[in-house]
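A short worksheet on the structure shown next.
The values are calculated or read from the model by the stated rules, or taken from the named source; none is laboratory data. Bear in mind the structure is a predicted one, so any value in this text is a computation, not a measurement. All Cβ positions, glycine included, derive from the backbone under ideal geometry; neighbour counts span all protein chains shown.
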Amino acid sequence: MTVLYSLICLVLFAHPVSASDALWQRAVAISAYNREMAPGNWVEREEVFNVKGESHLVSRIHVAFKQVGRKIDIQLVEATSNGIDITEPRREKFDEMCNQFSMKPQNNPFQPSIQKNVTAKRDGRTRRDGEQIFVAYDYTQKTDDGRWRGAAWIDEATGMPVELTARLTGLPKMDGKDKILETVMNVHFENGPENAWHVSKIVLYTRATLNNFPYAKFYAKIEKATTLDSYWKISV
């Protein structure tokens, strides 16, 4: 019995198929199999546009992850704002920022531990990419940030999730002094040999009225793209 097949059996036992279906549960098993994978690089680029669609601010930050003993070390590689290097000023406060560089549950709705907060069913759509056939699921997910609803695509033959698009429901709502009007998330996944699989890119599109410093009643469209690569396995 292979490791992956054993994991599929374990996940099916823990989360009955009646909660979704066998293909979704295969995706959950694949996520479980890759739970110890961590990105070597996390590159985040955020661009803020004004009401006219003009670029107002472009920021970029690159952090690197590596294991030191039993701990994960996070290092700031580079930070820029509108093309100006601000690495050293950001490094002084970097320890306070480290928590933002972690996967949120909505980035991967296939995690076994959160299946109680996820509902999924096939929506009847399929699409072909060469010899591959992808199956679409309509899914919802409850998170601390709110409830997401969207579509996830899974490879019919392998059970590998390919991509998802979801929208945060219950908007508008306040985030501090800012009013969030719309949030749409796109997540892309990549796979490799021996059932390797991971998140490769997360794109968030947000419309909001910003009232926190340095903004004063600033209507903005924000695009934040996070690219993750050079994955490695955490040693336990």
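Conditions (1) surrounded by 16 or more Cβ atoms within 10 Å (Cβ to Cβ); (2) of a type in the set (A, V, I, L, M, F, W, C), marked per residue:
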{"residue": "R127", "(1), (2)": "no, no"}
{"residue": "D144", "(1), (2)": "no, no"}
{"residue": "D155", "(1), (2)": "yes, no"}
{"residue": "M160", "(1), (2)": "yes, yes"}
{"residue": "L164", "(1), (2)": "yes, yes"}
{"residue": "L171", "(1), (2)": "no, yes"}
{"residue": "K179", "(1), (2)": "yes, no"}
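Suppose the filter is farther than 21 Å from T227 by Cα, assigned to a strand (DSSP E or B) and modelled with pLDDT of 95 or more; does I180 pass it? Yes, satisfied. Taking the criterion of being in a strand (DSSP E or B) and in contact with a Gly (Cβ under 9 Å, 6 or more places away or on another chain), the residues of the range 157-177 that qualify are L164, T165, A166, R167, L168, K173.
All conditions in (1) modelled with pLDDT of 95 or more; (2) within 25 Å of S200 (Cβ to Cβ) hold for T119, with the sole exception of (2). Filtering I154, I133, I202 for residues that are more than 28 Å from G40 (Cβ to Cβ) and either modelled with pLDDT under 95 or assigned to a strand (DSSP E or B) (or both) leaves a single hit, I133. Every residue in the range 53-94 that is among the aromatic types (F, W, Y) and under 26 Å from A208 (Cβ atoms), please. Scanning the range 53-94 gives a single hit, F94. As for the range 1-11, it holds no residue that is surrounded by 16 or more Cβ atoms within 10 Å (Cβ to Cβ) and modelled with pLDDT of 95 or more. Can you tell me which residues in the range 198-236 are under 20 Å from R60 (Cβ atoms), of a type in the set (K, R) and touching a residue at least 60 places away in the same chain (Cβ under 8 Å)? Passing the criteria: K221, K224.
Counting just the residues of the range 67-90 that are of a type in the set (D, E, K, R) and loosely packed, with under 13 Cβ neighbours inside 10 Å, which one comes out nearest to P39 (Cα to Cα)? Taking the candidates together, the pick is D73. Exactly one residue out of V43, V51, V58 is in a strand (DSSP E or B), surrounded by fewer than 17 Cβ atoms within 10 Å (Cβ to Cβ) and either touching a helix residue (DSSP H, G or I) at 6+ places or on another chain (Cβ under 7 Å) or among the hydrophobic types (A, V, I, L, M, F, W, C) (or both): that is V58.
Can you find a residue in the range 70-77 that is over 20 Å from H198 (Cα atoms), in contact with a strand residue (DSSP E or B) (Cβ under 9 Å, 6 or more places away or on another chain), modelled with pLDDT of 90 or more and among the hydrophobic types (A, V, I, L, M, F, W, C)? Yes, there is a match, as at least one residue in the range 70-77 is over 20 Å from H198 (Cα atoms), in contact with a strand residue (DSSP E or B) (Cβ under 9 Å, 6 or more places away or on another chain), modelled with pLDDT of 90 or more and among the hydrophobic types (A, V, I, L, M, F, W, C). Only a single criterion out of (1) over 30 Å from Q25 (Cα atoms); (2) modelled with pLDDT of 95 or more is not satisfied by P109, namely (1). Please indicate, with yes or no, whether at least one residue in the range 215-233 is hydroxyl-bearing (S, T, Y), in a strand (DSSP E or B) and more than 15 Å from the chain's Cα centre (by Cα). Checking the range 215-233: at least one residue is hydroxyl-bearing (S, T, Y), in a strand (DSSP E or B) and more than 15 Å from the chain's Cα centre (by Cα).
The one condition from (1) in contact (Cβ under 8 Å) with a residue 40 or more places away in the chain; (2) part of a loop (DSSP other than H, G, I, E, B) that S102 does not meet is (1).
Matching residues to (1) in contact with a Ser or Thr (Cβ under 9 Å, 6 or more places away or on another chain); (2) closer than 28 Å to K233 by Cβ; (3) surrounded by 13 or more Cβ atoms within 10 Å (Cβ to Cβ); (4) of a type outside the set (D, E, K, R):
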position: Q100; (1), (2), (3), (4): no, yes, no, yes
position: I114; (1), (2), (3), (4): yes, yes, yes, yes
position: G130; (1), (2), (3), (4): no, no, no, yes
position: A136; (1), (2), (3), (4): yes, no, yes, yes
position: M174; (1), (2), (3), (4): no, no, no, yes
